[in-house]
Amino acid sequence: MNFTRFFYSFATILNEMSPYILLGFIIAGILHVYVRPETMSHHLAGNGWKPVLKAALFGIPLPLCSCGVLPTAVSLRRQGASPAAATSFLIATPQTGVDSIAATYSLLGLPYAIIRPVAALAGALFGGLAVGKFAPEAGTQMPTTESTACHCGDSHDSCAAGSNKSRRTGFLSRMAEAVRYGLVDMVASVGKWLVIGLIIAALITVFVPDSLFVSLNRYPLLAMVVMVIVAVPMYICATGSIPIALSLMLKGLSPGTAFVLLMAGPAANFASVMILSRTNGRRATTIYLGSVVFTAMAFGLLIDYILPVSWFAIDMGQGGMASGCHEHADVAFGAFETSCSILLSVLLAYAAIKRYFPNSNHIKSERHNMNTRDYKIKGMSCAHCQKSVHNSIAALHGVSAVSVDLNKGIATVEGDVSPSDVINAIETAGFEYSE
């Protein structure tokens, strides 16, 4: 039955990915706790190739999607990073991340896991240096708010007070925050797109005929152009693109063309392009898109025509995966992998409940208060976007409470603060206020 084949394909890919995804999320949490934006921005100021290189190296391990990276890049620009460095960061960050690198290794093998960050680095350097040369004034240097939130989400005063804690308590609290961020915030950020990627991969495995992609491989450049046309408008995170690429390769698509999906899909989508065009200008946005597409296709051709074919052979239960049929399965569902899959599924369910059934808070019970107002926001797509908007508004003088509903795209603000200041805070975070 098709449903049984679909479920088996879905479960097989999830079992292969889940241990590496969970490990990547934990590492992402540690990076979140110990890598501060102000430290990054200090290294990204100035002209030349060094800030561009540092921005790419900073961005490659960070697990931010193409929408979540935008407010982070805006924050870096506001703190002194150059346009060239910010563009480099924008290109490198969404294409990779510790979670997606680990998941790439689990499903596609070590060569893919190595080439993916190398390609992200090359594209980031190319795009950043091009912006530095041809669009050096891209974007505007935005002023900081009166009270800037720290990377941990607290005010500087509370962070300073926290420094008086014992070293042991500080370490334990930081690790707890790392685990919370990795297994709650990160899952909320990429969970939806990961599930979509798994579903699309299973559907391709079960329903798409092998002959479709075999015939497309006769025209490699055309195949890559088609993949770019499909991938750029489609929003998919770096981790969610992996099972789709795997299923396409098992159906006969060349490894190089699948690599184009891995790089172009996560790096650009219509929402991020529109916001980037408004903040950085058309010229810088064109360079950004051109860098993403050019490097993705260049490395795709390198994979198909220069590197050994054996490096990219899929060696993960190909019989069961390609057919999607459990009768031909030779992939064992181990206890550890299954436990990781169950844990990841629980975390995904919890994230979905929080997103689509948000808990009512005290702001909603005080709608009669004349100092409470709703603001519609365009461009929020993940937990990173939500947190960036929340922190930017909460830093304003006079704000007593903020609630940001990601699903509805509404920020509810309570306090003695002018609407113009709130709107400016929303735009400073990299998003657009909607009447």
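The values are calculated or read from the model by the stated rules, or taken from the named source; none is laboratory data. This is a predicted model, so every value here is computed, not measured. Quick reminder, even Gly has a Cβ in these numbers, built from the backbone with ideal geometry, and neighbours come from all protein chains shown. Note: areas computed on protein heavy atoms with side chains; ligands, DNA, RNA excluded. Shrake-Rupley method; radii C 1.70, N 1.55, O 1.52, S 1.80 Å.
Values as computed for the structure displayed
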quantity: Yes/no for ALA119 being among the aliphatic types (A, V, I, L, M), open to solvent by less than 10 Å² (accessible area, probe 1.4 Å) and modelled with pLDDT under 85; calculated: no
quantity: Test for TYR375: is it part of a helix (DSSP H, G or I) and either modelled with pLDDT of 85 or more or open to solvent by less than 40 Å² (accessible area, probe 1.4 Å) (or both); calculated: no
quantity: Some residue of the stretch 305-313 being out of contact with any helix residue (DSSP H, G or I) (no Cβ under 9 Å at 6 or more places or on another chain), modelled with pLDDT of 85 or more and assigned to a helix (DSSP H, G or I); calculated: yes
quantity: Among (1) under 21 Å from SER277 (Cα atoms); (2) open to solvent by less than 10 Å² (accessible area, probe 1.4 Å); (3) hydrophobic (A, V, I, L, M, F, W, C), the one test that VAL413 misses; calculated: (1)
quantity: Complete set of residues in the stretch 417-435 that are modelled with pLDDT of 85 or more and part of a loop (DSSP other than H, G, I, E, B); calculated: VAL417, SER418
quantity: 3 or more residues at pLDDT 85 or above and among the aliphatic types (A, V, I, L, M): qualifying helices (runs of 4 or more DSSP H) within the stretch 205-277; calculated: 220-231, 241-250, 255-267
quantity: Residue list for the stretch 39-78, filter: open to solvent by 40 Å² or more (accessible area, probe 1.4 Å) and modelled with pLDDT under 70; calculated: THR39, ARG78
quantity: Residue pairs meeting the criteria (Cβ under 9 Å; at least 6 apart or on separate chains; first at negative phi, in the stretch 239-267; second open to solvent by less than 10 Å² (accessible area, probe 1.4 Å) and basic (Lys, Arg)); calculated: PHE259/ARG116; LEU262/ARG116; MET263/ARG116
quantity: Top-ranked residue in the stretch 280-302 [being under 11 Å from ALA130 (Cβ atoms) and not basic (Lys, Arg); ranked as nearest to the chain's Cα centre (by Cα)]; calculated: TYR288
quantity: Close pairs from the stretch 338-357: first surrounded by 15 or more Cβ atoms within 10 Å (Cβ to Cβ), partner in a helix (DSSP H, G or I) and among the hydroxyl-bearing types (Ser, Thr, Tyr), Cβ under 8 Å, at least 6 apart; calculated: CYS340/SER18; SER341/SER18; LEU344/SER18
quantity: ALA138 vs. criteria open to solvent by less than 20 Å² (accessible area, probe 1.4 Å), in a loop (DSSP other than H, G, I, E, B), modelled with pLDDT under 85 and touching a Pro at 6+ places or on another chain (Cβ under 6 Å); calculated: yes
quantity: Residue list for the stretch 177-201, filter: open to solvent by 60 Å² or more (accessible area, probe 1.4 Å) and either at pLDDT 80 or above or under 22 Å from TYR8 (Cβ atoms) (or both); calculated: VAL179, ARG180, ILE199
quantity: Extreme residue, most open to solvent (accessible area, probe 1.4 Å), among residues of the stretch 396-410 that are under 26 Å from the mean Cα position of the chain (by Cα) and small (Gly, Ala, Ser); calculated: SER403
quantity: Pairs with Cβ under 8 Å, 6+ apart, first in the stretch 281-307 and without any contact (Cβ under 8 Å) to a residue 40 or more places away in the chain, second of a type in the set (Ser, Thr, Tyr) and part of a helix (DSSP H, G or I); calculated: THR285/SER277
quantity: Residue that is modelled with the lowest pLDDT, among those in the stretch 378-395 that are among the aliphatic types (A, V, I, L, M) and crowded, with 20+ Cβ neighbours inside 10 Å; calculated: ALA383
quantity: Tabulated pairs, the stretch 193-209, first within 19 Å of PRO266 (Cα to Cα), second open to solvent by 40 Å² or more (accessible area, probe 1.4 Å), C-beta under 8 angstrom, 6+ apart or interchain; calculated: LEU198/PHE10; ILE199/PHE10; ALA201/PHE10
quantity: Residue match in the stretch 316-326 (condition: modelled with pLDDT under 85, in contact with a Lys or Arg (Cβ under 7 Å, 6 or more places away or on another chain) and either crowded, with 24+ Cβ neighbours inside 10 Å or outside any helix (DSSP H, G or I) (or both)); calculated: yes
